[in-house]
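Enquirer: What follows is a single structure, and I will ask about it in a moment.
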């Protein structure tokens, strides 16, 4: 996954540009939404995988993909997209390696501590 940045600097610049008063309130709001949503969606992936519920599994992967894209968490987005597409084409059986990879990439500490472009 090294072909994708952990955090996309262009997305961070865009989020920062949406603040008219020069603070990072909007960026902080997006980070807070990501931090609240992704753990719940990862739990949903685990639950739906255990139950064999492919539609719920795909919705959770899709939701993570969208949340990650909004924040610019490019690696998380890429892995979530791969998981979503794989589950649509091949089903959810055998997805454990990608689920583990998604959990590793989505570790909030990694993302929140990633160097961000300050432009």
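Enquirer: Just give me the residues in the range 47-68 being in a helix (DSSP H, G or I) and in contact (Cβ under 8 Å) with a residue 24 or more places away in the chain, in sequence order.
Expert: If the condition is that a residue be in a helix (DSSP H, G or I) and in contact (Cβ under 8 Å) with a residue 24 or more places away in the chain, then 48, 49, 54, 57, 58, 61, 63, 64, 67, 68 are the ones that fit.
Enquirer: Counting only residues that are part of a helix (DSSP H, G or I), touching a helix residue (DSSP H, G or I) at 6+ places or on another chain (Cβ under 7 Å) and farther than 19 Å from residue 50 by Cα, which one in the range 83-110 is modelled with the lowest pLDDT?
Expert: Within the range 83-110, the subset part of a helix (DSSP H, G or I) is 83-90, 96-105, 108-110.
Next, from what is left, pick out any that are touching a helix residue (DSSP H, G or I) at 6+ places or on another chain (Cβ under 7 Å): 83-84, 86-88, 98-99, 101-103, 105, 108.
Right, trim to farther than 19 Å from residue 50 by Cα and you get 105, 108.
On the way: 105: 90, 108: 68.
By that ranking, first place goes to 108.
The values are calculated or read from the model by the stated rules, or taken from the named source; none is laboratory data. Being a predicted model, the structure only gives us computed values, none of them experimental. We place every Cβ from the backbone using ideal geometry, glycine too, and count neighbours over all the protein chains shown.
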